[in-house]
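Below is one structure, written out as structure tokens, with a few remarks after it.
The values are calculated or read from the model by the stated rules, or taken from the named source; none is laboratory data. These numbers come from a predicted model, not from an experiment. Neighbour counts are summed over all protein chains in view; Cβ atoms, including those assigned to glycine, are modelled from backbone coordinates with ideal geometry. Keep in mind that these areas ignore ligands, DNA and RNA; they rest on the heavy atoms of the full protein, side chains included. Shrake-Rupley method; radii C 1.70, N 1.55, O 1.52, S 1.80 Å.
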Amino acid sequence: MAVSESSSLVDFDADAALSAAHEASDGAVRLCVEYTPEEFHTLYADEITMALYGDDREEMADHFEEVHSFVHVDFTERDLFADIFRGAGEVRSFVTYMDDVTFVRILVGQQGLFLTVDPETDVTAVVDAAEAELD
């Protein structure tokens, strides 16, 4: 059972960014969550993601709450990189590669979009497509 909901939390067009990321990844987006430092909202979770939680949305939400408790790291890391590498431009996103999944965090001010994609996905294409919808 997949989850698909409209954006209701962030100021940017998270729905359009998700759609663009999904298209750029050839359907490899598994999860999309919009977030702020205070809260998060799941926009999309495919059947593979839901199966990790036994199709239990409450269990998934509990896990996401745990993950969200560390969201301040995204904004702290952005500020750190901006301070240390002053001539490199704005920090816009972070990518974390793991064995079975790639995590993408796109930041817009004090808000963000968290995506998971298959490990072989062209992450640059996903970020570029999503960011094109944020301008």
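Can you tell me the 0 to 90 degree angle between the C-alpha axis of helix 72-84 and the longest principal axis of the chain, rounded to 10? For 72-84 against the chain, the angle is about 20 degrees. Relative to the dominant Cα principal axis of the chain, helix 57-68 is inclined by about 20°. Evaluated at q = 0.15, 0.29, 0.32 Å⁻¹, a Debye calculation over the C-alpha positions of region 85-135 (equal weights, vacuum) places log10 I(q)/I(0) at -0.43, -1.17, -1.27.
Can you order the peptides 13-26, 98-111 by their average number of other Cβ atoms within 10 Å per residue, highest first?
13-26, 98-111
Remark: spin-label model distance Asp99-Ala51 equals 1.8 nm, labels positioned 7 Å along the Cα→Cβ axis.
Ligands, DNA and RNA are left out, and with a 1.4 angstrom probe the accessible area of the chain is 56 Å² per residue. Computed from the C-beta positions of Asp128 and His63, the FRET efficiency with R₀ = 25 Å rounds to 0.30. Our summary gives the chain a relative contact order of 33 percent, counting only alpha carbon pairs under 8 angstrom and 6 or more residues apart.
Of the trypsin sites (Lys or Arg not before Pro) found in region 38-88, none is in coil by DSSP with at most 11 other Cβ atoms within 10 Å of its Cβ. For the pair Met1 and Phe85, label points projected 7 Å from Cα toward Cβ lie 4.3 nm apart. Compute the acute angle (0 to 90°) between the alpha-carbon long axis of helix 14-24 and the principal axis of greatest extent of the alpha-carbon atoms of the chain; round to the nearest 10°. Tilt of helix 14-24: around 80 degrees. For the chain, with all protein chains in place and a probe radius of 1.4 Å, 50% of the accessible heavy-atom surface sits on carbon or sulfur.
Report the semi-axes of the equivalent ellipsoid for the chain in whole Å, largest first, where each axis is √(5λ) for an eigenvalue λ of the Cα gyration tensor. Each step should come with its number before you reach the end.
On the way: eigenvalues 107, 57, 42 Å².
So the three semi-axes of the chain are 23, 17, 14 Å.
Using a Gaussian network model on the chain with a 10 Å cutoff between Cα atoms, which of Thr124, Thr42, Thr116 fluctuates the most? Judging by the Gaussian network model, the answer is Thr124. By the Stokes-Einstein formula, at 0.692 mPa s and 37 °C, region 28-91 with its Kirkwood radius over alpha-carbon pairs has D equal to 242 µm²/s.
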